[in-house]
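Peer 1: Once you've had a glance at the structure underneath, I'll fire off some questions.
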Amino acid sequence: MIISVLSFCTGLLFANDKYEKAMQANIDAIYNAQSPEQIQAAINSFERIGAAEKSKWEPFYYASFGYVMMSTRELDGTKKDLLLDKATEGLNKAKAIRADESEIVALEGFVYMMRVTVDPATRGQQYSGMAMQTFGKALSLNPNNPRAMALLAQMEFGTAQFFKAPTTSACEKATKSLEMFESYKSENALAPAWGKESAMRVLKQCN
Amino acid sequence: MKAAIFLILFFVSLFTFGQATISGVVKDEKGEAIPGANVSVEGTYDGASTELDGHFRFVTAETGEQVLSITFVGYKSFTQTIQLNGQDIELQVVLKEAINQLDAVVISAGSFTAGEEKRRTILKAVDIATTAGATADIAGALNTLPGTQKVGESGRLFVRGGDGSETRTFIDGMMVLNAYGAAAPNTPSRGRFMPFMFKGTSFSTGGYSAEYGQALSSALVLDSKDKADINQTDIGLLSVGGDVAHTQVWDRSSVSGKVQYTNIRPYFGLINQEVDWIKPPVSLEGSGAFRQQVGDHGIVKLYGNFNRSDFSLYQHDILNPVQVKAFEYKNNYGYGNASFLQSIGNRWTARGGFSYNYNEDDVVLDGGPMGQIEKGTHTKFVFENSVSDQVELRFGAEHINISYEASRLDSLSIQQVLKFNNPITAAFMEAEAYASKQFVARAGIRSEYIGLEEKISIDPRVSVAYKPFEQGQFSLAYGRFRQTPQNQYLRVNNKLAEEVAEHYILNYQVINNNRTFRTEVYYKKYLKLVKFVNGNPGQLTNSGTGYARGFELFWRDSESVKNLDYWVSYSYLDTERDYLNFPVTSTPTFASRHNFSVVGKRFVSAIKSQFGITYSYSSPRVYNNPNEEIFNGGRTPAYQDLSFNVAYLPKPFLIIYVSATNLLGHDNIFGYEFSETPDSNGTYVSRAIRQPAPRFLFLGVFFTISKNKSINQLPNL
C-alpha cells in the first residue's frame with residue numbers, strides 16, 4: 001500500500017519535473033530563436049508536450065506565441081493570416097483548459113493586432129477595436145499583467161499617431177507597464193516573461 | 001523488505017529497458033523535402049522537427065506498440081503504428097497536400113464574393129459601403145461590377161439582359177421579397193438592407209448553386225454578421241434625416257437596434273427637382289438583431305425590419321402639362337428572419353430558418369384608391385456533410401408561400417379584387433468534389449413543385465474549375481433556372497408557368513498579390529417568358545422567348561500605387577426578346593450594349609480623409625416611339641456619371657461625410673414617355689424621363705460612443 005502510494009508520488013514528482021524542465025528548455029529556445037525554423041522547432045515541441053499533457057495550458061499558449069512571433073516577421077498577407085489562424089487554434093486549445101487566464105486573453109488581443117497589419121485600410125476598424133477590448137479584458141482578469149498593458153499602450157500609440165492625436169495616454173500606459181514589468185511576480189515558474197522591449201520601444205517614441 | 005521492493009520499483013521507474021532511435025526523411029508528393037514538420041510519438045514528449053533537408057532523428061525510451069505521427073501546415077497528417085523494442089526505426093514518409101488551402105482552385109464562374117472570411121475575394125465587405133456614387137446602397141456598389149447594366153431610373157440590379165425582378169436577394173439563405181424601398185415612378189429605389197449589416201456578400205451573375213431558386217438571372221446572397229464584440233452607440237445626423245443605433249454585447253450573445261428617420265423635404269427645397277412633389281418622401285424605419293452562440297460552433301440569428309414611408313406628387317399630363325393628377329402613395333413593409341447554424345459531430349452541419357415578408361402598397365390616383373398586399377413565408381433546412389477532405393455533400397428542402405391581393409375601385413365604385421396564393425415546395429442536392437488542388441467539380445439538381453401551376457420541374461446545375469497554373473484558373477458553369485412570373489401577370493392568369501433561363505458561362509480569373517484580372521463570356525437563353533396575346537395585357541401566355549450574350553472584363557489593383565485602390569469593369573451585352581407587348585423581337589428598353597465603370601479609393605493620412613471617385617458610362621438604350629414605324633427604334637443619349645465622396649475623420653470617434661453624384665451635371669435621359677393619344681397634328685408628344693435631380697448632395701455627421709474611443713462608423717459608410 002505504502003509502496004504503491006510512494007511510487008505513485010515519485011512518478012508524479014518526476015512527471016512534473018520533466019514537464020517543467022521540457023517547458024523551460026523550449027521557452028528559452030523560443031525567446032532566443034533567431035530564425036523561423038528555430039521558432040517552428042520550438043512550436044513543434046510545445047505541441048508535442050501539449051498533446052501528451054492534455055491538462056496544461058502553457059504548451060498551447062507558447063505554441064500560439066511562436067506563431068504570433070512568426071507572423072510579425074512575415075510580409076505576405078495570406079501567409080501571415082495562415083500563421084495567425086494557427087495561433088488562434090493554439091489559443092482555443094489553451095482557453096478550453098483555462099478560460100480566465102489573463103495571459104491567454106492578452107495574446108488573443110495580440111493576434112487581433114497582427115490581423116490589422118495584413119490590411120489596415122479594411123481591417124483597422126474592426127480588429128483594432130477588438131484588440132483594445134481584449135486587452136481591456138486581460139487587464140480586468142489580472143490588473144498586474146504587464147504584457148496586456150504594454151500591448152494596449154502600443155495599440156493606443158499607433159491609433160493616436162494615425163489620427164495625429166496626443167499620445168499622452170498611450171505613453172502613460174507604456175510607463176505604467178514598465179513599472180508593472182519591474183514588480184511582476186508569478187507563482188507559476190512557466191509564466192510568460194516577454195513584452196518589456198515593446199513597451200520600451202513605445203516609450204522611446206514618446207520622448 | 002519493503003525498502004528493497006521500493007528501491008527496485010524506484011529503479012524500474014527511473015531506468016528504461018532500452019532506447020530506440022527513430023529517424024527518417026519527410027517529403028512531399030513531388031519529392032521535395034518538408035522542413036519544420038512535427039514528428040512525434042503520440043502521447044509522449046518524444047519527437048523532433050524535420051531539418052531543412054527533411055530529415056529527422058530522435059531517441060525515445062517508450063516501449064511496445066506506439067503511434068508515430070507527422071504533421072505539417074497545409075498537409076494531411078500522417079500516422080503509423082510502430083513497435084518499439086529497443087531497435088532503431090527508419091522511415092521514408094510522403095505527406096499528401098491537404099486541399100482546403102488558400103491556393104486551391106475555386107468555382108468562380110458567375111460569382112463575385114465580398115467578405116473577409118474567405119480572404120481571396122474580389123471585393124472586401126467594406127468596399128460595398130465606400131464606393132462613391134453608391135451612397136451606401138448595396139445595389140449601387142454592385143452596379144460598378146461587370147455583368148450589370150446601369151438602369152438609372154430604377155436603382156435595381158439588372159444582370160446580363162435580365163430585368164430588375166430577375167435578381168433575387170437572400171439573407172442568411174432566406175428569401176427576401178420586395179428587397180427595394182418605395183420610390184416614386186421613374187426615380188431610383190434603394191435597397192432596404194444597409195451594407196454594414198453583412199459580413200459577406202456573394203453576388204452571382206449566373207450559374208449559381210442549386211440551393212437558390214426563384215431567380216432567373218442573378219442571386220444576391222447576403223451573410224449577416226455574427227455576434228457583435230463591442231458595446232457601442234452610433235448617432236448619425238444626415239442632411240436628409242437622422243439615425244440612432246445601439247449594440248449591447250454579452251459573453252455569448254448580442255442585441256442591436258436602429259431607428260432611422262428620413263425626410264428629404266429640406267433637401268428638395270435646395271435643389272431644383274424634376275418631380276412635382278406635393279409631399280416629398282418621408283420614411284421611418286426600425287430594425288433589430290439578436291445573436292446567440294450555441295455550443296462550440298452554433299449560432300442562432302434573429303433579424304427584423306419595419307419601414308413606413310409615404311409621399312405624394314402631381315403627375316402632369318404629357319399633352320397638356322398644366323393638367324395634373326394627384327398621386328398619393330403609402331408603403332408598409334415588414335421583414336423578419338430567424339436562422340440557425342449548428343454542427344452535428346465532425347462531419348455534419350445543419351442550418352436553416354424561417355422568414356416572413358409583408359409588403360403593402362396603397363395608392364390614390366386622382367381620387368381613386370387602389371392597393372396591393374403581398375405576404376410571403378419561407379422555411380428551409382439544409383444539411384451539409386463533409387464526406388472527406390475532398391468531397392462535400394449538401395442537400396435540403398424548402399417551402400415558400402406567396403399570397404397576393406390587389407384591389408381597386410372601378411369607375412362605378414365597385415371594388416375589383418385580383419388575388420392568388422402560390423405555394424412552392426422545393427428540394428435540392430449538390431455535391432462538390434476536388435480531384436486535386438487543380439480541379440474541382442460541382443454538380444447539383446433542384447426540383448420544384450409550383451402549387452398554382454401544379455407542375456414539378458427538375459433543373460440541373462453544373463460547374464467545374466481548373467487551375468493549370470500557379471495563379472490563373474478557368475471555370476465553366478451551366479444551369480437551368482426558373483422563377484414564377486411577376487405578381488402583376490400572375491394575378492391576371494394564375495395558371496402561368498414559371499419563366500425559364502439557361503446559363504452557359506466560361507470564366508478566367510487571376511488573383512495575385514492584390515491584383516485581380518477576370519474575364520467572362522456567357523450565353524443565356526430565355527424560355528417561357530410571359531407574352532400578351534395579340535398585345536392584350538388581359539390575355540397572357542408563356543410563349544415569349546429571348547437570349548442574352550456577351551463578355552465582361554474586370555481589373556482591380558490595390559498594389560501598384562501606394563494607398564490607391566481602383567477597379568475597372570467593362571460589360572458587352574447583346575440581347576433580344578420577344579415577350580410582353582413586343583410585336584417583334586427586340587432589345588428591351590432596360591438593356592445597354594456597353595457598360596463601363598472606374599472606381600477609385602484613396603486614404604490620405606495627412607488630412608485624415610478617405611476619398612472615393614466613381615465614373616460610369618452606359619451606351620444608349622432603346623425606346624419605342626409610336627410616331628415611328630420601327631418598334632423600339634428610338635435611341636436615348638448615353639448615360640454618364642461622375643461621383644465623388646470624402647470621409648473626414650477629425651477625431652477617432654467622429655466622421656464627417658460628404659458625397660455628390662453627377663458632378664459634371666450630365667443630363668441623363670433614361671427614355672421617353674409618350675402621350676396616350678396624338679395631338680392635333682397627329683403626332684404623339686414625348687416627355688423625357690430624367691434623373692429626379694441633376695445632382696444628389698449628401699452630408700452626414702456620425703458619432704460613435706463606446707468605451708473605446710477609436711471605434712467609429714467608417715465601415716458603415
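Peer 1: Is it the case, given these coordinates, that B:Ser204 is in contact (Cβ under 8 Å) with a residue 40 or more places away in the chain and either assigned by TED's automatic domain parsing to the domain that holds B:Tyr335 or within 11 Å of the chain's Cα centre (by Cα) (or both)?
Peer 2: So B:Ser204 fits the description; yes.
Peer 1: Run A:Asn32 past the list (1) modelled with pLDDT of 90 or more; (2) facing chain B (nearest Cβ under 10 Å); (3) surrounded by fewer than 19 Cβ atoms within 10 Å (Cβ to Cβ) and report the number of the one that doesn't hold.
Peer 2: Of the numbered conditions (1) modelled with pLDDT of 90 or more; (2) facing chain B (nearest Cβ under 10 Å); (3) surrounded by fewer than 19 Cβ atoms within 10 Å (Cβ to Cβ), the odd one out for A:Asn32 is (2).
Peer 1: Report every pair of residues separated by at least 6 positions or lying on different chains whose Cβ atoms are under 9 Å apart, first residue within region B:386-406 and within 30 Å of B:Met370 (Cβ to Cβ), second hydrophobic (A, V, I, L, M, F, W, C) and part of a loop (DSSP other than H, G, I, E, B).
Peer 2: B:Ile402/B:Leu177
Peer 1: Ok, one more. I'd like to know if region B:487-498 contains one or more residues that are assigned to a strand (DSSP E or B) and either modelled with pLDDT of 95 or more or surrounded by fewer than 19 Cβ atoms within 10 Å (Cβ to Cβ) (or both).
Peer 2: Scanning region B:487-498 turns up no residue that is assigned to a strand (DSSP E or B) and either modelled with pLDDT of 95 or more or surrounded by fewer than 19 Cβ atoms within 10 Å (Cβ to Cβ) (or both).
Peer 1: For region A:35-79, name all the residues that are aliphatic (A, V, I, L, M) and either facing chain B (nearest Cβ under 9 Å) or over 23 Å from A:Arg123 (Cβ atoms) (or both).
Peer 2: Passing the criteria: A:Ile39, A:Ala41, A:Ala42, A:Ile43, A:Ile49, A:Ala51, A:Ala52, A:Ala63.
Peer 1: Still on this structure, please answer the following. Considering only strands (runs of 3 or more DSSP E) fully contained in region B:47-97, which possess at least 1 residues that are surrounded by 12 or more Cβ atoms within 10 Å (Cβ to Cβ) and not small (Gly, Ala, Ser)?
Peer 2: The qualifying strands (runs of 3 or more DSSP E) are B:55-60, B:64-71, B:78-84, B:89-95.
Peer 1: Name the strands (runs of 3 or more DSSP E) wholly within region B:129-224 that hold at least 2 residues that are of a type outside the set (Lys, Arg) and more than 21 Å from B:Ser569 (Cβ to Cβ)?
Peer 2: So the answer is B:167-171, B:174-176, B:218-224.
Peer 1: Restricting the search to region B:294-309, which residues are crowded, with 16+ Cβ neighbours inside 10 Å and among the charged types (D, E, K, R)? Quick ask: steps written out before the conclusion?
Peer 2: Kept after step one, since they are crowded, with 16+ Cβ neighbours inside 10 Å, are these residues of region B:294-309: B:298-305, B:307-309.
Across region B:294-309, the qualifying residues are B:Lys301, B:Arg308.
Peer 1: Also, quick follow-up: Please determine whether any residue of region A:119-132 is at the interface with chain B (Cβ under 10 Å from one of its Cβ atoms), closer than 18 Å to B:Thr71 by Cβ and either of a type in the set (D, E, K, R) or assigned to a helix (DSSP H, G or I) (or both). Walk me through how you get there before you give the answer.
Peer 2: Just the residues of region A:119-132 that are at the interface with chain B (Cβ under 10 Å from one of its Cβ atoms), to begin with: A:119-132.
Next, from what is left, pick out any that are closer than 18 Å to B:Thr71 by Cβ: none.
No, region A:119-132 contains no residue that is at the interface with chain B (Cβ under 10 Å from one of its Cβ atoms), closer than 18 Å to B:Thr71 by Cβ and either of a type in the set (D, E, K, R) or assigned to a helix (DSSP H, G or I) (or both).
Peer 1: A follow-up question, please. Every residue in region A:159-178 that is within 13 Å of A:Gln205 (Cβ to Cβ) and within 10 Å of another protein chain (Cβ to nearest Cβ), please.
Peer 2: A:Ala160, A:Gln161
Peer 1: Another one. Collect the residues in region B:31-84 that are among the hydroxyl-bearing types (Ser, Thr, Tyr) and within 11 Å of chain A (Cβ to nearest Cβ), keeping them in residue-number order.
Peer 2: Hits for region B:31-84 are B:Ser40, B:Thr44, B:Tyr45, B:Ser49, B:Thr50, B:Ser69, B:Thr71.
The values are calculated or read from the model by the stated rules, or taken from the named source; none is laboratory data. All figures in this text were calculated on a predicted structure; none of them were measured in a lab. Note that each Cβ is placed from the backbone with ideal geometry, even for glycine, and that neighbours are counted across all protein chains shown.
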